[in-house]
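Okay, structure first, notes after.
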Amino acid sequence: MVSTDLKQGFYLGEWEVRPLQLELVGPDGAQHVEKRWMEVLVMLASRAGEVIERDEILEVVWEGRAMNDEPLNRCISQLRKALGDSPQKPEFIATITKVGYQLIAPVRPLEPVAQESEPAAAGPTGEAPRTTNSLRALGLAAAALIAVGTMIIWFGGFPDPQEASVAVLPFENLGDDPDQDDLGRGLAEEIRQRLASVDGLTVAGRTSSRAAAVSNKDAATIADDLGVVHLLEGSLRIDGDDIRIAASLLQDDGYEVWSKTYEMALTDVFAMQDEIANDIAGQVAPEIVAEAADSLISTRASTQVPEAYLLAVRGREQLAQRSEGPLRRSIALFEEAIELDASYGDAYVGLATAHALLPFYSDMSMEASFDLARSIIAKGARVDDTVDTRAAGIVAFMLFHSEWRWIESENAFRVALQNSPNDAELLNWYSLFQASVGRADESLQFAIRARDLERLSPVVNQRLAVAHLWVGQNDEAEAQFAVAAEQGMPVTTQPEAYLVLLLRQDKLELARLLMAGQQKLQGLDAAWVDALFAAMQDPSQRAAAVAAVEQAVASGNISDLHLFGVWVYLEETERAIDTALRLTENRIRFIPEFLFAVETAELRRHPRFAEIVRAIGLDRYWDYFGWPDMCRRDGDTISCT
């Protein structure tokens, strides 16, 4: 059994791992890794050869804060990239399907790291490890950023909770069937969505409620984390054709103020959820209920086949986990629901959404997946005329991401938000959309709305960080990046935006290390990175930097996405425009929102900037919905400032 105390360092095959410095040292030198990645690697190494379940890793490393498997999936993927490992033929980390992970490479502990004045311990090859003070500084600085940012957010970053506010926690499954775990979570989500439709009632988002529920915190702390006054807890039992839900409402001081048990036939499950939601609304917001009609919440049954409904509930639960395995399971569940009820509109919407999201978590073709999603929506609309409206959000997402059909996407977003104004994911998508059409202020407002609903979502917090960045609120952006990292979304998941922040803060060494690390993860030479940052510190080195970048282009060691930013920072405006025009041919990799940052002001002033605007079709969007303050049209001439 390998010692569990490996924090001072260990050898992993031919790699030297230094956890305290957040370093992996291999044949090509040292590279920095994120703190949680290192924690996962140390945990696996401490039990090398043993299969560790996914849930245990999430509980230990993420301390119960991760709302699904996505942070762990991303972590394992990045560790494999750093180690040069393959999931198909692993030499370091083996996936044990449906169970967890196993470290299969040999592990040998190191002696503690020597002081700077002493020679470093020899690695397995006999050579001294090529660690650097700057890499150690990156690890310490990243930890400091996370700590400071977390304090800023949790000690004064949120508004006071509204009196009429509630979080719906997942219902506990009291039955023996593990499939009913999904039902307990899913039926609670159905009730949460009903409550979220009530004007004036603040309802915490799904992701944050899930993260809080598994945090092992007391009710008062959970309510404070979520920014609500009430918590709804419950349990579920399905016995044959009958369903029983016991619900309890807690105040933010932890005291139970209301409870009730509901028992009905499965055929009445829609009515049961409406009844529970109305009862909760009456307890949490009696003034709102008093002013409403006789039935505040009344949901049309979307299917007359209870079995199909329960399959779709489970499908939505799998869909919410946002990783390849659950997405594929959700597809199977939605398809099974449609087999039972071919007119079940909600199942078509769920199936289309799963297919549309799958390319972002797998190697599936985006074009093929989007085409399939559209055909599913069209088929569903033929049997249920409400499908088009309910699928408006995912349609807007697809139109925006795949085709830059800005006008149609805007219209679809507006329909979706009218129907689901408190959908945090939809608000998050719309924030990205608004930034991409040059409306940074509006982007920030939608990101804040999403964050207020989903305080514990790393995706939402990272989006808010980027939105703050584009309006020049750098301190707020730094704090939000730190919160997202603490919740499982490290800055390396969107390194381009974080690089912009580091450069604005004049943290050139940290930026250089991050950029060089990204190059190494892609197997690309990073020589041009050093030349670029030398020029940033000393303008006389600019010509040498341009030459180094030209060499990187010739040798294929720089992507067009990074090349665009490099030319912007080197003030090679014509080359930046040429690169941007090439990027517009690959819409998935282009980031339109950077076009409207302060860094690209010179680019916007150039007469050829109009070529980019026309290439991505923003001129037609602005003609239709109004031009942003920074750009205007005078006949055929487009000018921006």
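The values are calculated or read from the model by the stated rules, or taken from the named source; none is laboratory data. What you are looking at is a predicted structure, and each value in this text was computed from that prediction instead of being measured. Cβ atoms come from the backbone with ideal geometry, glycine included; neighbour counts cover every protein chain shown.
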Some residue of the stretch 591-609 being of a type in the set (Phe, Trp, Tyr), surrounded by fewer than 14 Cβ atoms within 10 Å (Cβ to Cβ) and not assigned by TED's automatic domain parsing to the domain that holds Leu399: no
Glu39 vs. criteria modelled with pLDDT under 75 and assigned by TED's automatic domain parsing to the domain that holds Leu110: no
Every residue from the stretch 225-243 that is without any contact (Cβ under 8 Å) to a residue 60 or more places away in the chain and within 25 Å of Ala204 (Cβ to Cβ): Ile243
Selected residue (criterion: modelled with the highest pLDDT) from residues of the stretch 481-509 that are β-branched (Val, Ile, Thr) and out of contact with any Phe, Trp or Tyr (no Cβ under 7 Å at 6 or more places or on another chain): Val500
Candidate set: the stretch 382-415, residues that are touching a residue at least 60 places away in the same chain (Cβ under 8 Å) and surrounded by fewer than 17 Cβ atoms within 10 Å (Cβ to Cβ); chosen: the one farthest from Met366 (Cα to Cα): Ile407
Wholly within the stretch 400-488, helices (runs of 4 or more DSSP H) carrying at least 2 residues that are acidic (Asp, Glu): 406-419, 440-453, 474-486
Matching option when the condition is at pLDDT below 85, buried (at least 18 other Cβ atoms within 10 Å of the Cβ) and not acidic (Asp, Glu), among Leu22, Leu12: Leu22
Any hit, the stretch 368-376, residues being at pLDDT below 95, in a helix (DSSP H, G or I) and either touching a Ser or Thr at 6+ places or on another chain (Cβ under 7 Å) or outside the structural domain of Leu319 (by TED's automatic domain parsing) (or both): yes
